[in-house]
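Worksheet: one structure, shown below.
What follows draws every value from the coordinates through simple rules; no lab data is involved. Quick caveat, the model's predicted, so the values are computed rather than measured. In this analysis, Cβ positions are derived from the backbone assuming ideal geometry, glycine residues included, and neighbour counts consider all displayed protein chains.
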Amino acid sequence: MNAEAERLHSLTQLEILGTPASESFDRITRLASKIFNLPIAAVSLTDSDRQWFKSRVGVEHWSIPREKAPCSQVAETCGVVIIEDFLADPFYSDSLLAKAGIRFYAGAPLVTRDGFGLGAMCVLGMTPRRIHREELTALRDLAATVMAQIELQHAFGRIDPISELPNRTQFIEDLSDLARDQTPGQRRTAVLVDLIAVDQMNHVVRVMGQAVVDDMVKTAGRLFRHLIGPQQKAYHVGATQLAALTPDGMDEIACSNFLTAQAERLRKLGGPHALGSTVVGIAPFPLGGLPPIDILRIAQGAALDARSMNKSFEIYSQALDTASQRSFILLRDFEAALKNPVELRLVYQPRIDLATGRCVGAEALMRWTHPTLGSISPGEFIPLIERIALATPATAWVLETAISQIARWRNHGIDFVVSVNISSTNLHETDFASRVSQILVRHGVEPEWLELEVTETAVMTDAAQALVQLSKLRAAGIRLAIDDFGTGYSSLAYLQRLPVHVVKIDRAFMMGLDVDPRQLSLVTMMVSMAKHLGYRVVAEGVETQQALKLLRTTGCDEAQGYHFARPMAADELVRWVGRDPIAL
Ligand code: C2E
Ligand code: MG
Ligand code: MG
């Protein structure tokens, strides 16, 4: 990730953008306005292309464009910015703020512990002004207070109030971050300590009260932190369960050696009431290879196994079961596949215009032939690589390959719009639209020949960000489609705000079209609503003549599916299209 992407990531992680106004921030903003005796003050966060106000006094808007906003400079440099007079400033004199009559600005940076600038605590005035040293100190103090508030709110819900350790939510979040930031497929080990058996705990609660168990967990948390050392983070992941990740390089064998050496301390971890009943589960896993929640689950499973076998710890070996072994191999090998032209290729599935029966476009779909595992479906490897940092180079490869194919077809006078599937990760890359445009220019392809498909779910994971990226792509002249429509939780009313041209109805809706009349009504309604909102509608997964016949009654514009053709190689598609139009 580049520095700006990392900065944006740390801002997103805090989950503050778009949250409602809160008195704890407004109090600070009011104070700032009062101290400076200025009409405008704000807590302003620097998003990819806007300044968003968590709190503001004297401004109506919730956000302004980032371009030439001094708060953006504060965030980028992590330094104070003072503009004594906008009109005398060569850079800011023609900014939006200057045009709105602002003459003075002072902003102190909001900096995270990791050194990322999130935005500014700022004050603004309508007349030129200077700033005194004490005022500057006050502004910095206010910025620090805002930061403390942001971090406090973030920690809320992530720290267990009894043990004061980060909780299960934090454990899962940290595992996801690790999968994204480190080498995919790298082996790591999770350790889960279960202090006391459930029935034993219930007994203690009944006889001595909950406070005794709370004390036990608190003390155990402290001892556990000592045991694993200051470099490792300890978590409190279940009522009487603690967890940690081993240091990089400590595999399950080294981990069990360590635990054997610490057997005596381990035995006493739960204090007198749990004496001897503490067990440990060890779960080795490949980074990015398993969803974090599963890693926790297999570590818990291993601890249970240890308890039932009267052992003090157990390594979950079976859990590196076939599925995760396979994920591990796929993750490890995908990067190499991107560089090896014989492993990856694109196939194209035609899209048929239902009015004319002609092929008007094709969807590019990835195919991977793994050297030992053979053909791997994108349905399997795409979700895997999307969990780690490989979706970016994968999309880059697909775009490069598909666009060079469009160029070749256009040179032979073949006009198809080619659609390419992109990942939700791509919507978070601030330079995505410009990179796509560069590839088009390099191959001399006009943007209207490319369509990008993004799933409804990918859009909904961060709708605000998706809107920004999709708008940029649309402005660049690229066609956009919502894929797998109807499978997520959004509504057409919501999607209406997105600048897309095409809605692709998921193939699940085509199944049973010919047996269930309600299914047909549903599809008819979806098509008619989407068309009313101005979209071109494509049905995916049309498998039979009967489904096609019914589909045509709904007014759907285009269809795609095995009934017409399976995905095929580029030259095969040319031959296929050369045939007569499909009889409808
Ligand atoms: P999708 O984008 O919805 O693509 C349509 C999938 O439905 C394709 O599966 C296609 O082969 C399959 N299909 C087409 N017609 C029919 C039919 O009549 N019946 C049935 N049962 N299936 C049909 P495929 O190629 O296995 O791709 C699966 C998914 O993987 C795609 O769903 C897409 O989400 C993802 N994918 C494929 N290639 C790429 C890629 O290059 N990049 C990204 N990010 N995702 C990709
Ligand atoms: Mg698709
Ligand atoms: Mg689809």
With DSSP loop assignment and no more than 11 other C-beta atoms within 10 Å, the GluC sites (Glu not before Pro) in the range 125-214 are GLU164
Loop only per DSSP, at most 11 neighbouring Cβ atoms within 10 Å: give me the chymotrypsin sites (Phe, Trp or Tyr not before Pro) in the range 412-472, ordered by residue number. none
So, R0 is 25 Å and r is the distance between the beta-carbons of SER404 and ARG579; what FRET efficiency does that work out to, to 0.05? 0.50
Under 22 Å between C-alpha atoms is the cut-off here; go through the chain and count lysine pairs that meet it, provided they're at least eight residues apart or on different chains. 12
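If you take the square roots of the eigenvalues of the alpha-carbon gyration tensor of the range 515-571 and sort them as a ≥ b ≥ c, do you get rounded (a/c under 1.5), prolate (a/b over b/c) or oblate?
Working: a/c = 3.01, a/b = 1.41, b/c = 2.14.
Oblate is the answer for the range 515-571, as a/c is 1.5 or above yet b/c matches or exceeds a/b.
If we sort 154-161, 227-234, 290-297, 458-465 on the protection proxy, mean other Cβ atoms within 10 Å, highest first, what's the order?
On the way: 154-161: 12.6, 227-234: 14.9, 290-297: 19.8, 458-465: 17.4.
Listed from highest to lowest mean packing, they are 290-297, 458-465, 227-234, 154-161.
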Distance between the range 350-387 and the range 212-238 - C-alpha centres, whole angstrom: 48 Å
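Around VAL417, what is the net charge, scoring Lys/Arg as +1 and Asp/Glu as -1 over all other residues with Cβ under 14 Å from its Cβ?
Once all neighbours under 14 Å are counted, the net charge is -3.
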Please compute the modelled spin-label separation between ARG566 and LEU96, points set 7 Å along Cα→Cβ, answer in nm with one decimal. 5.2 nm
If packing is taken as the mean number of other Cβ atoms within 10 Å per residue, what is the order of 554-561, 200-207, 109-116, highest first? 554-561, 109-116, 200-207
Kindly provide the helix-only [θ] at 222 nm of the chain, computed as the sum of -39,500 (n - 2.57) over DSSP H runs of four or more divided by all residues, to the nearest 500 deg cm²/dmol? -13500 deg cm²/dmol
Relative contact order computed over the chain (Cα-Cα under 8 Å; 6+ residues apart), in percent: 8 percent
Quick check on the chain: take the gyration tensor over C-alpha atoms, sort the square-rooted eigenvalues as a ≥ b ≥ c, and tell me if it's rounded (a/c under 1.5), prolate or oblate. oblate
Estimated distance in nm for a label pair at ILE162 and LYS233, the labels positioned 7 Å out from Cα along Cα-to-Cβ: 2.2 nm
Work out the FRET efficiency for ARG367 and LYS339 from their Cβ-Cβ distance, taking R0 = 25 Å, and round it to the nearest 0.05. 0.95
Compare the Cα positions of PRO371, GLN170, LEU470 along the charge dipole of the chain (+1 at Cβ of Lys, Arg; -1 at Cβ of Asp, Glu; about the Cα centre) and return the one farthest towards the positive end. GLN170
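So how strong a dipole does the range 134-269 carry about its Cα centre when Lys and Arg Cβ are +1 and Asp and Glu Cβ are -1, to the nearest 20 debye?
Working: 14 positive and 18 negative charges, 109 e Å.
That gives the range 134-269 a dipole magnitude of about 520 debye.
Before anything else, pin down the relative contact order of the range 328-577: Cα pairs under 8 Å, at least 6 apart, normalised by residue count, whole percent.
Numbers: 406 pairs, mean separation 45.9, N = 250.
That works out to 18 percent.
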Once you have the Cα-Cα distance between GLN182 and ASN310, take 0.36 nm times their residue separation minus that, and quote the gain in nm to one decimal. 42.5 nm
At 0.36 nm per residue, and after removing the present C-alpha to C-alpha distance, how many nm does the segment from GLN13 to VAL441 gain when stretched out fully? 150.6 nm
For GLU173 and ASP199, FRET efficiency with R0 = 25 Å and r from the beta-carbon atoms, rounded to 0.05? 0.20
Inter-centroid distance (Cα atoms) of the range 45-67 relative to the range 109-145, Å: 15 Å
For the range 36-46, Karplus-derived ³J(HN,Hα) couplings (6.51, -1.76, 1.60; θ = phi - 60°; whole Hz; x for glycine and proline) come out as 8, 6, 10, x, 10, 8, 7, 9, 10, 9, 8
Hz values of 3J(HN,Hα) by residue in the range 47-57 - Karplus curve (6.51, -1.76, 1.60), Gly and Pro given as x: 8, 4, 9, 8, 9, 10, 9, 6, 8, 8, 10
Between rounded, prolate and oblate, where does the range 168-316 land on the alpha carbon gyration tensor, with a ≥ b ≥ c its root eigenvalues, rounded for a/c under 1.5, else prolate if a/b exceeds b/c? prolate
Any idea what the dipole of the range 3-157 comes to, in debye rounded to 20, about its Cα centre with Lys/Arg Cβ at +1 and Asp/Glu Cβ at -1? 420 debye
How big is the dipole moment of the chain about its Cα centre under a simple scheme where the beta carbon of each Lys and Arg is +1, that of each Asp and Glu is -1, and everything else is neutral? Debye, nearest 20, please. 420 debye
Within the range 1-52, DSSP-loop chymotrypsin sites (Phe, Trp or Tyr not before Pro) with at most 10 other C-beta atoms within 10 Å are none
For the chain, whose charge dipole is built from +1 on Lys and Arg Cβ atoms and -1 on Asp and Glu Cβ atoms, the candidate among THR356, SER327, ALA481 with its Cα farthest towards the positive end is ALA481
Expressed in nanometres to one decimal, the distance between label points 7 Å along Cα→Cβ at GLU380 and ALA144 is 5.6 nm
One finds the C-alpha centres of the range 434-474 and the range 508-523 to be spaced, in Å, by 31 Å
Taking θ as phi - 60°, what are the ³J(HN,Hα) couplings along the range 443-453 by the Karplus curve (6.51, -1.76, 1.60), each to the nearest whole Hz, with x for Gly and Pro? 9, x, 10, 5, x, 5, 8, 10, 10, 10, 9
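Of the listed peptides 253-260, 16-23, what is their order by residue-averaged count of other C-beta atoms within 10 Å, with the highest listed first?
Values: 253-260: 14.9, 16-23: 12.9.
By packing density, highest mean first, the sequence is 253-260, 16-23.
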